[in-house]
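Report on the following structure.
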Amino acid sequence: MPQQWYAIRSKPRKEEVVWLQVASQGFETYYPRIRVNPVNPRSKKLRPYFPGYLFVRADLDEVGVSIFQWMPHSIGLVSFGGEPSIVPENLVAAIQQKLDGINAAGGAIFDGLKPGDAVWISDGPFKGYEAIFDERVAGSERVRVLLEFLGSKRKVPLTLRAGQIE
């Protein structure tokens, strides 16, 4: 059986440890990360695009499944019905291409949002609300969104950190 891509699940916030272990054993890996602009300058600038997951290319007939299952901080390969699920090569390539474009454009806040796009507020007092992207606030890492309150027709503008929307 030729080498195939598989997804490995890691324990929370241990993706990088698992990635380093898998790579040190000679496997081709892909750990999708996205550049972010955190409020705290000491925070990590790269965050996992798929928290808890990374990709490995391996021939499971040759190396077996247990090598990934018993690795420290790993939960094992993503499986369905007890069989490790193959991730199509073109899907891995598409993820790489998408993330390369986002990171080249300056990170997560420059991901092609246009006025009128629906966004979710993922942090702060309005967490969980859907809003409409309005614009980026010039000279900062902030954005303006329009939020509809309690079914009223009037939309209230809010200025948020760009990292607070998805």
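For the reader, a short list of remarks on this structure follows.
- Based on C-alpha pairs under 8 angstrom that are at least 6 apart in sequence, the chain has a relative contact order of 21 percent.
- Inverting the pair-averaged 1/r between distinct Cα atoms of the chain gives 18.2 Å as its Kirkwood hydrodynamic radius.
- Placing a label point 7 Å from the Cα of SER24 along the Cα-to-Cβ direction, the residues of the range 54-91 whose backbone N falls under 11 Å from that point are 72.
- Charge sum, other residues only, whose C-beta stays under 15 Å from ILE67's C-beta, Lys/Arg counted +1 and Asp/Glu -1: -2
- Relative to the dominant Cα principal axis of the chain, helix 15-24 is inclined by about 30°.
- In the chain, helical runs assigned H by DSSP with n ≥ 4 each contribute -39500 (n - 2.57); averaged across all residues and rounded to the nearest 500, the mean residue ellipticity at 222 nm is -5500 deg cm²/dmol.
- About its Cα centre, the dipole of the chain is roughly 960 debye, where the only charges are +1 on Lys and Arg Cβ and -1 on Asp and Glu Cβ.
- In degrees, nearest ten, helix 89-104 long axis to first principal axis of the chain (Cα): 40 degrees
- At the residue level, PHE80 shows approximately 140 square angstrom of accessible surface with a 1.4 angstrom probe and all protein chains present.
- Placing +1 on the Cβ of every Lys and Arg and -1 on the Cβ of every Asp and Glu, with nothing else charged, gives the range 1-89 a dipole about its Cα centre of roughly 880 debye.
The values are calculated or read from the model by the stated rules, or taken from the named source; none is laboratory data. What you see is a predicted model, and the numbers here were worked out from it, not measured in a lab. All Cβ positions, even for glycine, are placed from backbone atoms using ideal geometry, and neighbour counts span all protein chains on display. For the accessible areas, the whole protein counts, side chains as well, though only heavy atoms, and no ligand, DNA or RNA atoms are used. Shrake-Rupley method; radii C 1.70, N 1.55, O 1.52, S 1.80 Å.
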